[in-house]
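Read through the structure below, which is laid out as structure tokens, and then see the notes.
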Amino acid sequence: MNFKKLMSAAMVSALLLSACSNSTNNETVNEGWPETFIVTTSLDENNPDSDALNDELAADLEEYLGIPVEIYSAADYTTIIEGVASGNVNATLVSPMSYFQLSEKADVEIVASAKMAADYRSAFITQGDNDEINSLEDLEGKTFAFVDQASSSGYLYPKAHLVKTLNLDPDQMENSGYFFDTVAFSGNHQTSLVGVMMGDYDAACVAESIVYMMEEAGQLEEGAVKILDVTESIPNPCYVIDANLPEDLKAKFKEFLLNYDNDAFFEAALGSADMRFGEGSEADYAPTKDVIELLHLDFGEE
């Protein structure tokens, strides 16, 4: 089984059709369980070891559940949200921002928190030798890239930080000429960072960890980017599961995560061999809800 795939919306639909077709001919060991347990993740989207991490986690989870498991690195945040909302994905790892967006579209339950070794923050970056940009104030009139409107570290928290620090209007901030010359959405953190390096954007916001991760991997020369500022700490990502799945499956998935004991995995995925998945609840995301309200964001159905 090969989990080294980038999951698109079309792929999710194909997987669902296949699962429905197979379920008419075979009975699962546990009543109501899917024939294949499908998980999406974006935890290691910028980690060069992400494919191997997905492989290892999937194999261990498959052995624990006793049914085939497929773990995909989602192509974007929309795919994560729509995959679960449409019933094509059984469980997923989401950021606080994605959790609230997903909660408006699907009935999900928090299973476990992915507690990071270092503070989960967003960094504002520009080229290391850019002498014109040395503070957030210097970003006025410049081209800027957010990641995705469903990203906590690539949009929600950095936008809130700019609003509070520079007293900007959240409803106007993305309009060309209001503060920034232009605003773009790159799609992922690595694209934003590379875009800054290539001169496509004067500055961008990315998860702070990607800067150090790419430096350690030799993909970014130390000092090539300059960190102008960082946001407050962001609540950790969490695993959520489709609340309509059988209770015994939900309990077993949670049991697996809370007892998963793989030093090498946690060293690569969460930044320390001593880290583990922990209990999580909606109360953990109360600060994020305050940020959402500050920015006047509404995730209700249109």
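Nothing in this text is a laboratory measurement; each read-out follows from the coordinates by a stated rule. Since the model is a prediction, treat every value here as computed from it, not as a measurement. Virtual Cβ from ideal backbone geometry, glycine too; neighbours counted across all protein chains shown.
Per residue of region 156-171, what does 6.51 cos²θ - 1.76 cosθ + 1.60 with θ = phi - 60° give for ³J(HN,Hα)? Whole Hz please, x for Gly and Pro, Karplus curve as stated.
4, 6, x, 5, 4, 5, 5, 4, 6, 6, 10, 6, 9, 7, x, 7
Lys/Arg Cβ at +1, Asp/Glu Cβ at -1, dipole of the chain taken about the Cα centre: which of GLY141, PHE179, GLY278 is farthest positive-ward?
Towards the positive end, the residue furthest out is GLY278.
Enter the angle in degrees (range 0 to 90, nearest 10) between the Cα long axis of helix 247-259 and the first principal axis of the Cα atoms of the chain, meaning the one along which they spread out most.
That works out to roughly 60 degrees.
Order of ILE227, ILE133, ILE125 from fewest to most other C-beta atoms within 10 Å?
Details: ILE227 13, ILE133 19, ILE125 27.
Starting with the residue having the fewest Cβ neighbours, the order is ILE227, ILE133, ILE125.
List the relative contact order of the chain as a percent without decimals, with contacts defined as Cα pairs under 8 Å and 6+ residues apart. All intermediate terms of the calculation are to be shown ahead of the outcome.
Working: 549 pairs, mean separation 77.0, N = 302.
Over the chain, the number comes to 25 percent.
Going through the cross-link list LYS115/LYS142; LYS115/LYS252; LYS105/LYS164, which pairs have a Cα-Cα distance over 24 Å in this structure? Mind showing how you got there, number by number?
Numbers: LYS115/LYS142 35 Å; LYS115/LYS252 20 Å; LYS105/LYS164 29 Å.
With Cα atoms farther than 24 Å apart: LYS115/LYS142; LYS105/LYS164.
As a test of the formula, what do you get for the chain when each DSSP H run with n ≥ 4 contributes -39,500 (n - 2.57) and the sum is divided by the residue count, at 222 nm and rounded to the nearest 500 deg cm²/dmol? If you can, show how the numbers build up before the last one.
On the way: 10 runs with 106 residues, N = 302.
Mean residue ellipticity at 222 nm (helix-derived): -10500 deg cm²/dmol.
Averaging over every viewing direction, what projected area does the convex hull of the Cα atoms of region 176-302 cover, in nm²? Before the final figure, lay out the partial values.
Numbers: hull surface 46.1 nm².
Averaged projected hull area, Cα only: 11.5 nm².
Mind checking which aspartates and glutamates have their C-alpha under 15 Å from LYS250, skipping anything on the same chain fewer than 8 residues away?
Hits, sequence-local ones excluded: GLU31, GLU35, GLU62, ASP107, GLU109, ASP242, GLU279.
Can you give the local net charge around ALA243? Use residues other than it whose beta-carbon is closer than 9 angstrom to its beta-carbon, Lys and Arg +1, Asp and Glu -1. It would help to have the intermediate numbers written out before the result.
Working: positive: LYS250; negative: ASP107, GLU109, ASP242.
For residues surrounding ALA243, the net value is -2.
What is the distance, in nm, between label points placed 7 Å from the Cα along the Cα-to-Cβ direction at GLU35 and at MET198?
Spacing of the two 7 Å Cα→Cβ label points: 4.1 nm.
Output the peptides 34-41, 279-286 sorted from most to least packed, where packing is the average of other Cβ atoms within 10 Å over each peptide's residues. Please list the in-between numbers first.
Numbers: 34-41: 22.0, 279-286: 15.0.
Sorting 34-41, 279-286 by mean packing, highest first, produces 34-41, 279-286.
Considering the dipole of the chain built from charges on the beta carbon (Lys and Arg +1, Asp and Glu -1) around the Cα centre, which of THR191, LEU156, ILE38 is farthest to its positive end?
ILE38
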